[in-house]
Amino acid sequence: MMAGSMKWNLWSATGLGLLAFGLAIQSNTMPTTFIRTGIIFTLVYIVVFGFRWLVKQAIIEGPPSLKNVDEAHETNKTTDVKDDPMQNVSIEETSEMVKQLLREDDN
C-alpha cells in the first residue's frame, strides 16, 4: 500500500501543469506550450509517485534492515538446534575435516 492515493499524483501534476501552461502561453506558440505542459505534467506525476513510494518505505513499512532482523529472529526461534548433527563436533575435528577437504581439492 502506498502513502496517499493516485489522486495526489493527478492533482499535483494537473496543478503544476496548469501553472506551466499559464506561464508558457504568454511567450510561446500553442504547440510549444502544450509540449512543455505535457513534460511538466509527466515529470511532476513521476516525482510525486516517487515521493509517495519513499514515504511508504521510510514511514509505513519501516527500514528494511529492521524488518529483516525481525524475520531472522522468527526463523531462529523455529529452528531446533537439537537436530543439528554438527552441534557436538569439536573445533579440532572441524579443522581436520577442512584440512582433509583442502587436500582433496589439491589433488
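The values are calculated or read from the model by the stated rules, or taken from the named source; none is laboratory data. The model shown is predicted, which means the values in this text are computed figures rather than measured ones. Because the Cβ atoms are built from the backbone with ideal geometry, glycine has one as well, and the counts that use them run over all protein chains shown.
A few remarks follow.
- Residue within region 44-63 that is over 20 Å from the mean Cα position of the chain (by Cα) and modelled with pLDDT of 80 or more present: yes
- Looking across region 1-14, the residues that are part of a helix (DSSP H, G or I) and in contact (Cβ under 8 Å) with a residue 12 or more places away in the chain come down to Trp8, Asn9, Leu10, Ser12, Ala13, Thr14.
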